[in-house]
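*Asks:* One structure, pasted below without further comment.
What follows draws every value from the coordinates through simple rules; no lab data is involved. Worth saying up front: this structure is predicted, and the values here are computed from it rather than measured. Neighbour counts run over all protein chains shown; Cβ positions are idealised from the backbone, glycine included.
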Amino acid sequence: MMESILYIFLPCKKVYPIGVTYLADFIHRRKPGVRQRILDLSLFPDAQRSKAVRDAATELKPDLVCFSWRDIQIFSPHEGDSSLEHAFNFYFASNPLKRITASFAGLQQLYRYYSHIRAALSYPWLIAKEFPKAQIMIGGGAFTAFADQLIQKLPEGTIGILGEGEDAILKVIEGQSLENERYILREGKTVRKGQQGAPALLDALTVDLPYLTSIFPQYTEYIGESVGVQSKRGCPYDCAFCLYPYIEGKRVRYRPPSMVVKDISQHYHQWGARRFWFTDAQFITGKEAYPQCTEILERILAEKLEIEWSGYIRTSLITPELAKLMVRSGVGDLEVAITSGSQEVLNDLHMGFRLERLYDGCRYLAEAGFKGKVILNYSLNSPKETEESLLQSVESYKKVASILGEERVFPLMFFLGIQPNTDLEQRLLEEGYLSAGYNPLMLTPTSIRKLLYNPAPLNSFIAKACLRAWERKEGSRDPRKWTGSLSQTPKESDPYADKSLIRGIEGNSGRDALLSLEEILRSRQLLRSRQLLRSAKDSGEKSVVTPGA
Ligand code: B12
Ligand code: SF4
């Protein structure tokens, strides 16, 4: 039986390390004698991270070191991140100077990307070398997404876990077999994998906050930030590009609302936290989730918790009653993944909602007095996109803006990023767009171009519209700071949890991009109809002339 666990949250842009807090809490409830400590490396400058790992391991002498790897992706396919602009300038700018500047910026970003991965891998290697008796485990969102590639780069014997980790860690400290867990383990050149049996039910008690406070002294750094709370796990939908059901499973498991709100209330009263994010893959997973969602919001109100909360929410499932409760219980800014204004494109991506219902949801929010911002995510140039469907997307933005108010709606171009283990990846492999055995972590100018899904023939004028809009806002420079996982985000007063997205909406350049796109498409249409007219006229003239000829 193991007696001490050190959790190390690998560096990424500062975000509350909810996963490791849940893991440590779970173990403490079952094995109160196990000594634990959480170390969040994001809060240290680069140069001090190895020392922080060494110091914590020397002090705790852990039997088990659990690394949690949350993010890898840096080429976020959305316009809040300057890497997308560089990539677009590199591939599509007509001015060669811009291409050259973008290629330097892109190279710099690639360098940062690789050194970020290298640095993250160096901490497990440090433990393996300097504390060889400790067992190493690793999990988290980024590890789950890229487990097959990462396990090859980790010290032999590292136990990787895909998805949730509570039961697996418990089994490891008890010395039990992992056969019914989603583990991945490399022995020399062979890799072994396990399949999860029954996923854990979430009826455990709430987080023991005084205990968490004692093992995670860095918590004070998160008091003004948005604290994660999970109310359910799993998503039953099937959106082609999405990895969440792969990570969390398709079966939805709910936490009892009283416990979810007890979590919020403890953080509120004991830490003074005021901002929360429901980290669920999807907060409203379907009609079956209504009772739980309703009770959570009612309890927030009943307990007079004056918070601001957000999360991923299917707007199409918002009812008038839920909208009222959402607004009264403190819903903040929302990110709505409309994806496209064309029902056909949505259906092709298996999004499982009707646009009309999405508009209804927005209407209910407006009627309930919603005052937040709505970031409206568009994934232009999805498969099945046509010039007509692009114009429908522009129309859909106008429609949402007319419902909620133009000043509240911020369209954001969020290109489809291709991720391993998604339907989209599978489809593109079958079509030969991706080649079998490609390495999704290997970024080169060609692979980035592929992985930021924006194929020909619509790509060039979509890029043109985006560049035109960004240029107008930014004066054709890149004044935005690097926002990738390596740098520390400067303190910003904006309450939105993902600060790089906020950059995308500051200038509302997405609106400009959509309107520029409309301009480009309309002028193409005009040109085409003029050409048609002319050729009709020409052939008409010919046919008039012919008889007499
Ligand atoms: C909620 C969420 C957000 C919210 C976070 C809000 C907040 N305040 O917490 C917001 C919208 C801000 C966000 C932003 C981003 N996110 Co996000 N996010 C998620 C989401 C949906 C849930 C994460 C979560 O908190 N889950 C709940 C907790 C309890 O689970 P967990 O932390 O994963 O931990 C569990 C397991 O992973 C495991 N585990 C974790 N560590 C360990 C360690 C060991 C040893 C073991 C055994 C197990 C284990 O056990 C834990 C408990 O069961 C995931 C997708 C998903 N469904 O998982 C993406 C996800 C983590 N995000 C991702 C990314 C990329 C981002 C961004 C970088 C996007 C971007 N490019 O701009 C940003 C920036 C993040 C940052 N660092 O600032 C990726 C990461 C993978 C990747 N491709 O790199 C994911 C996986 C989504 C995806 N694209 O597939 N995100
Ligand atoms: S995009 Fe949202 S609704 Fe669709 S599968 Fe992913 S988490 Fe579920």
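*Asks:* Specify which residue in the list Phe88, Trp69, Leu23 is farthest towards the positive end of the charge dipole of the range 1-94, using unit charges on the beta carbon of Lys, Arg (+1) and Asp, Glu (-1), about the Cα centre.
*Replies:* Among Phe88, Trp69, Leu23, the one farthest towards the positive end of the dipole of the range 1-94 is Leu23.
*Asks:* If packing is taken as the average number of other Cβ atoms within 10 Å across a peptide's residues, how do 229-240, 204-215 rank, most packed first?
*Replies:* So the order, starting with the most tightly packed, is 229-240, 204-215.
*Asks:* Restricting to bridges with both residues inside the chain, how much of the DSSP beta-bridge set is antiparallel, in percent to the nearest 5?
*Replies:* Close to 25 percent.
*Asks:* Cα axis of helix 355-367 to longest principal axis of the chain: angle in degrees, 0 to 90, nearest 10?
*Replies:* Approximately 70 degrees, to the nearest ten.
*Asks:* Within the P(r) computed for the range 258-402, what percentage of the Cα pairs occupies the region above 25 Å?
*Replies:* Within the range 258-402, distances greater than 25 Å cover 32 percent of Cα pairs.
*Asks:* Now, a different point. In this model, which of Lys304/Lys324; Lys13/Lys464; Lys133/Lys193; Lys373/Lys464 are farther than 19 Å apart at the alpha-carbon?
*Replies:* Beyond 19 Å: Lys13/Lys464; Lys133/Lys193; Lys373/Lys464.
*Asks:* Ranked by Cβ crowding within 10 angstrom, fewest neighbours first, how are Glu430, Glu3, Glu308 ordered?
*Replies:* Listing Glu430, Glu3, Glu308 from fewest to most nearby Cβ atoms yields Glu430, Glu3, Glu308.
*Asks:* Out of the range 431-460, which chymotrypsin sites (Phe, Trp or Tyr not before Pro) are coil in DSSP terms and have no more than 16 other C-beta atoms within 10 Å?
*Replies:* Passing both the DSSP loop test and the Cβ count: Tyr433, Tyr438.
*Asks:* Could you work out Rg/(2.2 N^0.38 Å) for the range 109-250, with Rg from alpha carbons only?
*Replies:* Taking the Cα Rg and dividing by 2.2 N^0.38 Å, one obtains 1.18.
*Asks:* Roughly how far apart, in whole Å, are the Cα centres of the range 203-261 and the range 327-373?
*Replies:* Cα centroid to Cα centroid, the span is 23 Å.
*Asks:* What does the charge dipole of the range 13-165 about its Cα centre add up to, to the nearest 20 debye, if the Cβ of each Lys and Arg holds +1 and the Cβ of each Asp and Glu holds -1?
*Replies:* 380
*Asks:* Given H placed on each backbone N at 1.01 Å, which residues far from Ile138 in sequence or on other chains put an amide H within less than 5 Å of it?
*Replies:* Phe67, Ile159, Gly160, Ile161
*Asks:* Right, here's the next one. Based on other C-beta atoms within 10 Å, arrange Glu85, Glu367, Glu248 from fewest to most.
*Replies:* Glu367, Glu85, Glu248
*Asks:* Let me ask something else. So what's the gap between the Cα centers of the range 1-58 and the range 441-473, to the nearest angstrom?
*Replies:* 38
*Asks:* With point charges of +1 on the Cβ of Lys and Arg and -1 on the Cβ of Asp and Glu, referenced to the Cα centre of the range 108-196, which listed residue (Ile184, Ala128, Tyr113) lies farthest in the positive direction of the dipole?
*Replies:* Towards the positive end, the residue furthest out is Tyr113.
*Asks:* Kindly provide the helix-only [θ] at 222 nm of the chain, computed as the sum of -39,500 (n - 2.57) over DSSP H runs of four or more divided by all residues, to the nearest 500 deg cm²/dmol?
*Replies:* After summing the helix terms and dividing by the residues of the chain, the value is -14500 deg cm²/dmol.
*Asks:* Determine the gain in length on full extension of the stretch Ser50-Gln149; use 0.36 nm per residue of separation and subtract their C-alpha separation, reporting nm with one decimal.
*Replies:* The Ser50-Gln149 span can extend by a further 33.3 nm.
*Asks:* Give me the dipole magnitude in Debye, nearest 20, for the range 377-433 about the Cα centre, with unit charges on the beta carbon: positive for Lys and Arg, negative for Asp and Glu.
*Replies:* With only Lys, Arg, Asp and Glu charged at Cβ, the dipole is about 240 debye.
*Asks:* As I understand it, the dipole of the chain uses +1 on the Cβ of Lys and Arg and -1 on the Cβ of Asp and Glu, about the Cα centre. Which of Ala281, Val229, Leu532 lies farthest toward its positive end?
*Replies:* Most positive-ward Cα: Leu532.
*Asks:* About the Cα centre, and with charges only on the beta carbon of Lys, Arg (+1) and Asp, Glu (-1), how big is the dipole of the chain? Nearest 20 debye, please.
*Replies:* It comes to approximately 880 debye.
*Asks:* How large is Rg/Rh for the chain, to two decimals, with Cα atoms and a Kirkwood Rh?
*Replies:* 1.01
*Asks:* How high is the relative contact order of the chain, in percent, counting Cα pairs under 8 Å that sit 6 or more residues apart?
*Replies:* 15
*Asks:* With angles folded into 0 to 90 degrees, how steeply does helix 257-266 sit against the dominant principal axis of the chain? Use alpha carbons for both and round to 10.
*Replies:* Helix 257-266 sits roughly 80 degrees off the main axis of the chain.
*Asks:* What angle, in degrees between 0 and 90 and rounded to the nearest 10, separates the Cα long axis of helix 459-474 from the longest principal axis of the Cα atoms of the chain?
*Replies:* Between the helix axis and the principal axis of the chain, the angle is about 70 degrees.
*Asks:* Quick one, can you get me the convex hull of the C-alpha atoms of the range 1-137 expressed as volume per residue in Å³?
*Replies:* 110
*Asks:* Using the 10 angstrom Cβ neighbour count as an exposure proxy, how do Lys189, Lys129 rank, fewest first?
*Replies:* Lys189, Lys129
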